[in-house]
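The values are calculated or read from the model by the stated rules, or taken from the named source; none is laboratory data. Please read all numbers here as calculations on a predicted model, not as lab measurements. Methodologically, a virtual Cβ is constructed for each residue, glycine included, from the backbone with ideal geometry; neighbour enumeration extends over all protein chains shown. Ligands, DNA and RNA are stripped out before the accessible areas are found, and what is left, the full protein with its side chains, is counted by its heavy atoms. Shrake-Rupley method; radii C 1.70, N 1.55, O 1.52, S 1.80 Å.
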Amino acid sequence: MGVIRVAGLRKTYGTVSAVDGMAFAVDRGEVYGFLGPNGAGKTTTIRVLTGQIEPDAGDVSVLGTDPVADPIETRRRVGILPEQESPPSFLTPREYLAFVGEVRGLDPDRVAERTDTWAERLGFESKLDTLHTDLSRGQQQKVMIAQAFVHDPDVVFIDEPLANLDPLVQEQVKRFLVSYAADDNAVFVSTHNIDVAEEICTRVGIVADGRLVAERSLADDATDESLLDLFLDRVEGEDARDTPALEQLHT
Amino acid sequence: MSEPKSTDGASATDATRSDAGLSTPRLLAILFREEWRLHTQLFGGWRFALFPLVIALLTVSAAVALIETGTAPGTVVGGLHVLAVGFGLYSGTAGFAGSDMLENVFGRLSLLLSSSTTLPLSRRRLLGAFLLKDGLFYAIVFVFPMSLGGLAVDGLSATPLLSIILFWLSLALVFAVGMATTVALIAVRTRGVPSWVIGLGIGLAGGGGWATGRLGPIRSVLVPIDGSPAAAGGLAVGTLAVTASSLAVYDPTYGRPSRTASDRFARVSDALPLEDAPLVTKSLLDLARSSGGVWKPLVSASILLALVAALVGVVDSITGVAPAPGIFFGGVLGLSAFTTYNWLTQFDSLEAYLTYPVSIADVFRAKRIAFVLVGAPAVAVPYLAAVVWFDATLVDAAVGAVLLAGYALYYYGLTVYIAGFDPNEFLFDAVRFAMFTVGVAVPLVPTLVAGFVVVPPSATLAVALALGGLVVGIVGLVLSSRAGPRWDARYRTE
């Protein structure tokens with residue numbers, strides 16, 4: 001029984017079909033990679049699953065809640081790290097995390113404790129009292145990662161988790177995501193970075209043109225075909241491998 | 001020997017290459033195309049294309065109404081020039097992507113203006129072209145329709161086309177003066193001059209001019225159509241000189257140092273006995289810590305007060321008719337609700353809130369509370385100043401206070417209902433702008449007429465207006481309450 005279940009999901013924007021018959025399920029203990037090129041429908045799917053927008057058709061369920069009928073309850077129980085940059089906020093990271101904690105009804109002392117833990121883990125202790133708008137993009141991303149986990153959610157939706165992070169922090173975040181899922185939680189990672197997906201995911205769904213075109217378990221898969229080859233086959237077809245490399249273009 | 005570097009970091013060779021690679025006319029053409037696409041994408045092609053027509057209709061209607069009700073033509077001409085300067089002052093900020101003004105209005109943009117960081121284009125040259133483009137673009141899209149108001153002043157003379165062109169040039173020139181002033185102030189700021197020093201300088205200059213009676217000559221210079229061609233030419237040359245000097249002074253490498261703040265969130269939130277306390281607190285702290293802080297709404301309301309007070313003074317001196325100050329200022333100052341709400345929505349977006357377990361209705365309710373907390377004192381101070389300065393009777397002041405509260409709530413509700421979380425979308429969206437204008441005019445125009453006709457207000461009129469203020473306030477509450485579900489449905493089914 002999946003903690004995330006999607007069946008027959010469709011969503012169009014005007015005449016553009018963003019999601020067209022998506023179906024998959026994610027269980028506890030999984031880091032599920034949602035892999036696809038830009039415009040494949042990944043972000044739209046996450047927005048539907050977190051109750052931000054309504055689908056045109058299909059059934060979705062997250063932790064037994066219905067994001068369409070009760071989006072607030074779904075968002076109360078999950079953590080969300082959105083892809084889009086946050087608008088300029090004049091709160092400090094300490095205040096911002098207190099704000100998120102209060103909106104989520106958490107005990108302020110617990111939030112303060114978790115703020116210190118996350119600041120130390122991601123290395124923004126010295127920025128806790130700097131205005132969010134004056135932080136670098138990487139520092140802002142660290143704060144946004146912290147807010148997604150501040151309430152220990154059972155399911156976390158993450159859109160491009162490693163954007164703007166330095167290599168050291170990337171490694172820490174990757175290790176954390178794997179260990180978080182192993183604690184009987186589910187981590188749903190949307191990315192177009194195949195290396196990252198291969199490294200941290202237990203299972204990967206490949207998305208193209210709004211549909212799930214392939215799924216592969218990475219935990220115990222013994223196939224010879226690399227994830228990159230599978231991705232290229234399913235997204236662009238065999239021709240994709242014939243695309244000239246950058247070195248060739250340069251010459 | 002190393003190549004000499006220009007102050008904006010580009011080498012002399014780079015500058016020459018960029019000049020040779022992209023001519024200024026070509027650069028201007030690209031910038032114009034970008035500007036057009038920005039507006040048509042934000043508002044829709046035909047809604048933006050209709051905007052000049054709406055401006056023309058409004059300007060001509062207002063000018064005709066003012067002339068027909070006895071306002072001196074000179075006052076109308078002066079008022080249009082004040083509007084053009086004001087719009088120029090506002091538009092002058094647009095060239096400085098990265099300043100929080102532009103980012104707050106449109107969000108983070110990837111404009112061509114930012115290309116100077118990745119392409120061999122001088123930041124100053126690009127900025128100069130950007131300002132020139134803005135000046136020409138708005139002179140056509142916004143200032144030209146305004147200049148049609150001159151038809152009402154002059155009537156259809158034998159050479160209406162020439163009259164309109166001259167009036168347009170006059171308005172466009174003072175629009176450029178406004179832009180140049182803002183550009184100069186921003187340029188000075190990039191050289192480390194604190195904002196408060198700039199503000200103090202402006203205040204002292206204005207106060208000094210007023211105290212020494214020198215505002216009259218300044219006014220005549222700022223209405224070029226009433227002065228000599230030489231004075232207008234001098235103003236044009238001066239504006240160009242100020243702009244060129246500002247571009248020379250402007251330091252493109254200026255970076256504001258990181259700011260820190262002590263933890264105030266919990267204290268403010270705990271002090272608010274509300275369910276939506278965290279959402280309200282975020283809005284209040286964002287406003288308080290942004291450039292200009294919580295004073296911004298007060299300054300906006302005070303500017304509105306100064307403009308209307310000047311107009312009332314001129315009308316009074318020419319016609320001998322002065323309105324009941326409480327009713328008049330109560331009705332007009334309520335309009336500051338729009339700017340106050342605008343300030344409160346500059347630092348967040350509805351999309352960002354949709355990652356938390358809150359509804360859009362919760363967010364709008366929190367904004368309404370923040371609006372009352374910020375807007376009430378911001379508008380009460382100018383209103384009290386007006387009723388004291390213009391010597392209102394007690395009844396007039398009391399009725400005006402009811403009107404102020406009710407109308408401010410109504411204008412707020414109207415804004416939220418029509419524009420949702422993006423009040424700036426009124427800019428250049430013909431349909432929304434027209435809806436808002438009609439919505440404002442319906443209660444305001446009869447109130448202003450009553451304020452002018454029955455001075456001081458009779459008991460019957462006072463009771464009627466107070467009741468009207470209450471009803472309009474309730475309508476505003478209903479509109480703002482319905483805005484949440486309305487925009488929730490729109491966002492979630494986009």
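Would you say B:THR212 is farther than 24 Å from B:VAL143 by Cα, of a type in the set (S, T, N, Q), open to solvent by 50 Å² or more (accessible area, probe 1.4 Å) and modelled with pLDDT under 85? So B:THR212 fits the description; yes. Taking the criterion of being facing chain A (nearest Cβ under 10 Å) and among the aromatic types (Phe, Trp, Tyr), the residues of region B:343-364 that qualify are B:PHE347, B:TYR353, B:TYR356.
Name the residue that is nearest to A:ILE46 (Cα to Cα), counting only residues in region A:133-162 that are part of a helix (DSSP H, G or I) and open to solvent by less than 10 Å² (accessible area, probe 1.4 Å). I'd like the intermediate steps shown before the answer.
Residues of region A:133-162 that are part of a helix (DSSP H, G or I), as a first pass: A:133-134, A:137-149.
Then drop every residue that is not open to solvent by less than 10 Å² (accessible area, probe 1.4 Å), which leaves A:143, A:145-149.
Details: A:VAL143: 20, A:ILE145: 16, A:ALA146: 19, A:GLN147: 17, A:ALA148: 14, A:PHE149: 17 Å.
Selected residue: A:ALA148.
Please go through region B:344-371 and give me each residue that is open to solvent by 10 Å² or more (accessible area, probe 1.4 Å), outside any loop (DSSP other than H, G, I, E, B) and closer than 19 Å to B:GLY292 by Cα, ordered by number. Answer for region B:344-371, where residues must be open to solvent by 10 Å² or more (accessible area, probe 1.4 Å), outside any loop (DSSP other than H, G, I, E, B) and closer than 19 Å to B:GLY292 by Cα: just B:PHE371.
Residue-by-condition table, conditions (1) of a type outside the set (S, T, N, Q); (2) open to solvent by 10 Å² or more (accessible area, probe 1.4 Å); (3) over 22 Å from A:PRO82 (Cβ atoms); (4) at pLDDT below 90:
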site	(1), (2), (3), (4)
A:ASN185	no, yes, no, no
A:ALA197	yes, no, no, no
A:THR202	no, yes, yes, no
A:ARG211	yes, yes, yes, no
A:ALA219	yes, yes, yes, yes
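Within region B:31-47, does at least one residue satisfy the condition of being of a type in the set (S, T, N, Q), at pLDDT below 80 and not assigned by TED's automatic domain parsing to the domain that holds B:PRO423?
Within region B:31-47, one or more residues are of a type in the set (S, T, N, Q), at pLDDT below 80 and not assigned by TED's automatic domain parsing to the domain that holds B:PRO423.
Of all residues in region B:443-452, none are closer than 29 Å to B:HIS39 by Cα, of a type outside the set (S, T, N, Q), in a helix (DSSP H, G or I) and touching a residue at least 60 places away in the same chain (Cβ under 8 Å). Only one of the listed residues (B:ARG189, B:ARG256, B:ARG264) is modelled with pLDDT under 85, under 30 Å from B:VAL280 (Cα atoms) and either assigned by TED's automatic domain parsing to the domain that holds B:ALA129 or touching a helix residue (DSSP H, G or I) at 6+ places or on another chain (Cβ under 8 Å) (or both). That residue is B:ARG256.
With respect to (1) closer than 30 Å to A:ASP56 by Cβ; (2) touching a residue at least 40 places away in the same chain (Cβ under 8 Å); (3) open to solvent by less than 60 Å² (accessible area, probe 1.4 Å), the lone exception for B:ALA489 is condition (2).
For the residues B:LEU287, B:LEU279, B:LEU274, the requirement of being modelled with pLDDT under 90 and either out of contact with any Lys or Arg (no Cβ under 6 Å at 6 or more places or on another chain) or in a strand (DSSP E or B) (or both) singles out B:LEU274. In region A:7-122, counting only strands (runs of 3 or more DSSP E) that sit wholly within it, the ones holding 2 or more residues that are facing chain B (nearest Cβ under 10 Å), in contact with a Ser or Thr (Cβ under 8 Å, 6 or more places away or on another chain) and of a type in the set (Val, Ile, Thr) span A:78-81.
Every residue in region B:326-343 that is outside any helix (DSSP H, G or I) and open to solvent by 10 Å² or more (accessible area, probe 1.4 Å), please.
The one that is outside any helix (DSSP H, G or I) and open to solvent by 10 Å² or more (accessible area, probe 1.4 Å): B:LEU335.
Here's the yes/no breakdown for (1) in contact with a helix residue (DSSP H, G or I) (Cβ under 8 Å, 6 or more places away or on another chain); (2) under 18 Å from B:VAL183 (Cβ atoms); (3) modelled with pLDDT under 70; (4) not hydroxyl-bearing (Ser, Thr, Tyr):
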{"residue": "B:VAL60", "(1), (2), (3), (4)": "yes, no, no, yes"}
{"residue": "B:ALA63", "(1), (2), (3), (4)": "yes, no, no, yes"}
{"residue": "B:VAL77", "(1), (2), (3), (4)": "yes, no, no, yes"}
{"residue": "B:TYR90", "(1), (2), (3), (4)": "yes, yes, no, no"}
{"residue": "B:LEU102", "(1), (2), (3), (4)": "no, yes, yes, yes"}
{"residue": "B:THR118", "(1), (2), (3), (4)": "no, no, yes, no"}
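A Cβ distance below 6 Å, combined with a sequence gap of six or more or placement on separate chains, defines the contacts here; from region B:64-91, residues that are in contact (Cβ under 8 Å) with a residue 24 or more places away in the chain reach residues that are small (Gly, Ala, Ser) in the pairs B:VAL64/B:ALA152; B:ILE67/B:ALA152; B:VAL76/B:ALA63; B:LEU80/B:GLY149; B:VAL85/B:GLY178; B:GLY88/B:GLY178; B:LEU89/B:GLY178.
If the condition is being open to solvent by 10 Å² or more (accessible area, probe 1.4 Å), within 14 Å of another protein chain (Cβ to nearest Cβ) and touching a residue at least 24 places away in the same chain (Cβ under 8 Å), then region B:280-325 contributes B:LYS282, B:LEU284, B:ARG289, B:SER291, B:GLY292, B:VAL294, B:LYS296.
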